[in-house]
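In what follows, a structure is listed as structure tokens, so that the remarks can point back to it.
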């Protein structure tokens with residue numbers, strides 16, 4: 001019985017995709033969860049893996065064709081396409097393989113080289129014009145496995161990975177690190193079967209004589225065999241393969257096995273000593289030296305600079321200030337933080353309260369939740385709040401969707417995930433697109449007061465700051481209270497001063513009396 005290979009379910013904002021590359025041909029044997037085809041949308045590239053083990057029998061959507069959500073792309077039949085023939089005439093098959101390998105070796109000059117491919121940059125979305133070649137992870141002639149990362153392309157929003165189209169090696173690099181490349185530009189020439197082939201010829205021939213089959217895109221590390229999706233996750237999380245138990249056929253490690261290991265933390269690598277690196281970094285400069293270092297600005301930093309200047313030049317930006325007494329929030333947090341962590345497996349911070357308070361205030365003041373598009377005003381009937389996250393590469397603003405319907409635990413969990421993925425460079429395009437309002441917290445770095453800059457095309461941004469004990473007049477008496485300054489920068493073209501002040505006062509009132517969030521008053 002044939003099994004359908006279907007395109008993934010696209011998000012509502014994605015209408016269709018394009019078949020970018022088939023990694024298997026009709027007649028090829030495939031394992032369960034092995035990468036078969038890639039679907040390219042206007043935002044990301046989606047991987048389609050085999051739902052079952054078997055043989056690819058039909059390709060119903062060729063490379064370059066446009067496909068819709070959940071469209072059938074091909075079919076997988078049961079068993080191996082060539083297993084019966086090999087069982088009947090194993091000697092003939094072995095001889096044929098030997099002849100083919102000999103001919104391939106002659107054709108490539110004896111260096112193990114085969115078919116050549118252009119390694120291209122990914123297709124960038126319309127909002128991205130070009131990218132920068134950030135890092136080449138492989139050198140010319142170095143052997144690589146199929147789907148292994150060759151290079152990183154840095155755009156103004158995310159870092160995109162370029163992977164090997166097959167087993168082989170880079171024959172030529174056409175775009176060096178630091179060079180600017182456009183969508184689908186040729187980055188390098190890749191040769192199948194090249195890279196260390198000569199050194200492995202003896203073992204390959206003995207393997208052929210024994211009748212062993214090529215493992216395809218699986219990779220063997222030690223005595224473990226990894227599926228492509230699993231191998232990618234192992235590299236992303238820097239795990240020790242020896243500590244992962246495989247549940248696939250013959251102990252093969254599947255994606256689900258790696259996900260389980262990540263969740264329970266059972267496959268972490270032992271910490272390596274970084275003393276030499278630290279010593280080198282801490283090497284003192286010679287007295288009297290006036291050292292200067294010039295480095296190119298990253299594309300992300302260039303975009304941040306351009307957008308901040310654009311915001312100040314195009315918006316009639318004004319900032320209003322207020323202060324909030326954090327006594328009630330801190331008492332609530334102290335009372336329930338242990339129970340909250342046991343229940344939700346996440347720490348109770350302050351950002352969840354601010355996001356919920358901002359969501360409520362945005363419903364009451366729709367002008368603050370609107371955006372300007374040319375000469376039009378776009379009123380959003382939902383609240384998508386961006387949260388500024390600081391990373392080594394610069395400031396990024398991933399977006400929390402539909403915050404009005406999120407619980408505080410959901411907010412805290414998502415923000416922690418954003419922070420981790422932001423530091424690892426794993427935030428995707430969809431994470432940072434859109435947003436109707438932004439919150440930034442300079443208080444984590446000790447800022448007492450600041451003037452945040454609007455994130456266009458939004459019309460307002462809320463700045464949180466350091467909580468500091470200050471003497472306050474309370475009911476005619478002086479008391480020491482934990483106070484925080486709040487700053488709301490807004491576009492005066494869209495928002496009147498009266499509404500901006502009332503919006504900030506609403507947030508202040510909701511935070512000073514959290515019961516208002518529950519009672520909607």
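Answer yes or no: is there a residue in region 376-383 that is crowded, with 20+ Cβ neighbours inside 10 Å and touching a residue at least 24 places away in the same chain (Cβ under 8 Å).
Filtering region 376-383 for residues crowded, with 20+ Cβ neighbours inside 10 Å gives 383.
Those left that are additionally touching a residue at least 24 places away in the same chain (Cβ under 8 Å): 383.
Checked region 376-383: at least one residue is crowded, with 20+ Cβ neighbours inside 10 Å and touching a residue at least 24 places away in the same chain (Cβ under 8 Å).
I'm checking my understanding of the structure. Among residues of region 319-339 that are at pLDDT 95 or above and either within 31 Å of the chain's Cα centre (by Cα) or not in a helix (DSSP H, G or I) (or both), which one is farthest from residue 472 (Cα to Cα)?
Top of the filtered list is 319.
Take region 342-359 and flag every residue that is crowded, with 19+ Cβ neighbours inside 10 Å and over 28 Å from the mean Cα position of the chain (by Cα).
If the condition is that a residue be crowded, with 19+ Cβ neighbours inside 10 Å and over 28 Å from the mean Cα position of the chain (by Cα), then 357 is the only one that fits.
Is it the case that residue 453 is within 30 Å of residue 497 (Cβ to Cβ), modelled with pLDDT of 90 or more and in a strand (DSSP E or B)?
Working: within 30 Å of residue 497 (Cβ to Cβ): yes; modelled with pLDDT of 90 or more: yes; in a strand (DSSP E or B): no.
For residue 453, the condition - within 30 Å of residue 497 (Cβ to Cβ), modelled with pLDDT of 90 or more and in a strand (DSSP E or B) - is not met.
So which residues in region 428-450 are over 18 Å from residue 417 (Cα atoms) and in a loop (DSSP other than H, G, I, E, B)? If you could, list the steps in order and put the result at the bottom.
Keep residues of region 428-450 that are over 18 Å from residue 417 (Cα atoms), which gives 434, 436-437, 442-443, 445-450.
Matches in region 428-450: 434, 436, 446, 447, 448, 449, 450.
Which of the strands (runs of 3 or more DSSP E) contained wholly in region 16-55 include at least 2 residues that are in contact with a helix residue (DSSP H, G or I) (Cβ under 8 Å, 6 or more places away or on another chain)?
Values: elements: 16-22, 35-40, 45-49.
Here the list reads 45-49.
Scan region 390-421 for residues that are assigned to a helix (DSSP H, G or I), touching a helix residue (DSSP H, G or I) at 6+ places or on another chain (Cβ under 9 Å) and under 27 Å from residue 307 (Cα atoms) and jot them down.
Matches in region 390-421: 403, 411, 415, 418, 421.
Quick check on this structure: which one of 267, 261, 311 is under 30 Å from residue 461 (Cα atoms) and at pLDDT 75 or above?
On the way: 267 fails: under 30 Å from residue 461 (Cα atoms); 261 fails: under 30 Å from residue 461 (Cα atoms).
The match here is 311.
Among the listed residues 30, 133, 37, identify the single one that is modelled with pLDDT of 50 or more, buried (at least 19 other Cβ atoms within 10 Å of the Cβ), within 21 Å of the chain's Cα centre (by Cα) and within 24 Å of residue 225 (Cα to Cα).
37
So, of the residues in region 404-421 that are more than 16 Å from residue 433 (Cβ to Cβ) and in contact with a strand residue (DSSP E or B) (Cβ under 8 Å, 6 or more places away or on another chain), which turns out to be surrounded by the fewest Cβ atoms within 10 Å (Cβ to Cβ)?
419
The values are calculated or read from the model by the stated rules, or taken from the named source; none is laboratory data. Since the model is a prediction, treat every value here as computed from it, not as a measurement. Positions of Cβ are generated from backbone atoms using ideal geometry, with glycine treated the same way; all protein chains shown enter the neighbour counts.
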